[in-house]
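Undergrad: One structure is given below, represented as structure tokens, and several questions about it will come after.
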Amino acid sequence: MLYARPILDVLSAFTNLFFDIGKPRKCVTLLNYPQPRKSILNHDWLDGYPIVENKLMLPDHCLKLIEDIVQSNINKNKQLILDACHHFHSARSFQERYYFYSQTESISEIAMVLYISSVEVLSLINVSPPSNCPTCSQPQHRISSRVVEFMERHNGTNIASLIKALYNDRSKYLHAGRLLSSRSYNGKIIPQLKFSSDNGVLSPMSLAPIHNLREFTSFCIRAETYNEYNFNSDECSPYSYNENIEADIEPQFKNKYFKFLLEIYEYFQDKIKGS
């Protein structure tokens, strides 16, 4: 049990899945079970789950991290990775609860907070000491800028802009009590317009792209884990940022983020035609 929680956190970040600890079940021993083939999964996968031939595949650096957990071989960088995995898995568990308690508005908001916190922890890896303010001589941490620069290094400028906006939303939610949804009725009803809001309507639920945020966060965790175990390697990191990735991600993000608005537009169009 001492190692179970951090190991499940790591497994969650490397599979995008939620894990829990339950009662022991009897395992069946399979005789002459064929040896698994070497994984043909691309290390830089982003969407979905790491499935090859109907099996979840784990890369070598994930297994090395789990082995170091069991052997208590955890340095500062590995501890930051484990802390980020903990935030990620906690957010993933809130997403899992959302499927059963969709009327609870705060679930998606808390998940967003935890995903951003996971990225914030990762941005501390190998970070340079903060410079001091020339006026008051106090350290200037520039946390928001550090998080945005970290995300840009791994996922490019478009995703970094998304993280910047969500980071500001998280700060307002935590420190100023600003809600990310209107808490309005969450049933089948004509939506109420609110032109001062970001999306033009009163949103009963937070419209943060939570699934995209989950995938970007776990990608960064896997990348930093790879760098930790292959930092001195001469080979190019499979997680090196490719600018072509934005061409694939950005349309998917926009489609998911504005799907709600499109449904509203089509609803009113049908009403107009009917009248």
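The values are calculated or read from the model by the stated rules, or taken from the named source; none is laboratory data. Everything numeric here is computed off the predicted structure, so don't read it as measured data. Here the Cβ positions follow ideal geometry from the backbone for every residue, glycine too, while neighbour counts run over all protein chains shown. Note: areas computed on protein heavy atoms with side chains; ligands, DNA, RNA excluded. Shrake-Rupley method; radii C 1.70, N 1.55, O 1.52, S 1.80 Å.
Undergrad: Cβ neighbours within 10 Å, averaged per peptide: list 71-82, 8-19, 157-168 in order, most packed at the top.
TA: The most tightly packed comes first, giving 8-19, 157-168, 71-82.
Undergrad: Between Thr157 and Lys172, what is the label-point separation in nm under the 7 Å Cα-to-beta-carbon projection?
TA: Simple spin-label model gives 2.4 nm for this pair.
Undergrad: Not counting ligands, DNA or RNA, and with a 1.4 Å probe, what is Asp20's accessible surface area in Å² rounded to the nearest 10?
TA: 100 Å²
Undergrad: Applying the Karplus parametrisation 6.51 cos²θ - 1.76 cosθ + 1.60 with θ = phi - 60° to the phi angles of region 81-94, what ³J(HN,Hα) value in whole Hz is obtained for each residue in order, glycine and proline being reported as x?
TA: Each residue of region 81-94 in turn: 5, 5, 5, 5, 4, 4, 4, 4, 5, 5, 5, 5, 5, 5 Hz.
Undergrad: Which entries in Lys76/Lys172; Lys64/Lys172; Lys23/Lys55; Lys55/Lys164 show an alpha-carbon gap greater than 28 Å?
TA: Long pairs (Cα-Cα over 28 Å): Lys76/Lys172; Lys64/Lys172; Lys55/Lys164.
Undergrad: Turning to a different aspect of this structure: Pop the C-beta distance of Glu67 and Asn126 into the FRET formula with R0 = 30 Å and round what comes out to the nearest 0.05.
TA: 0.85
Undergrad: For the pair Lys55/Phe231, report the inter-label distance in nm, with labels modelled 7 Å from Cα in the Cβ direction.
TA: About 3.3 nm, to one decimal.
Undergrad: Taking R0 as 25 Å, what's the FRET efficiency between Arg142 and Lys76 from their Cβ-Cβ distance, rounded to 0.05?
TA: 0.80
Undergrad: Ok, one more. Taking all protein chains together and a probe of 1.4 Å, list Met151, Met1 from the most accessible to the least accessible.
TA: Met1, Met151
Undergrad: Can you give the FRET efficiency to the nearest 0.05 for His211 and Asp20, using r as the Cβ-Cβ distance and R₀ = 22 Å?
TA: Efficiency, rounded to the nearest 0.05: 0.60.
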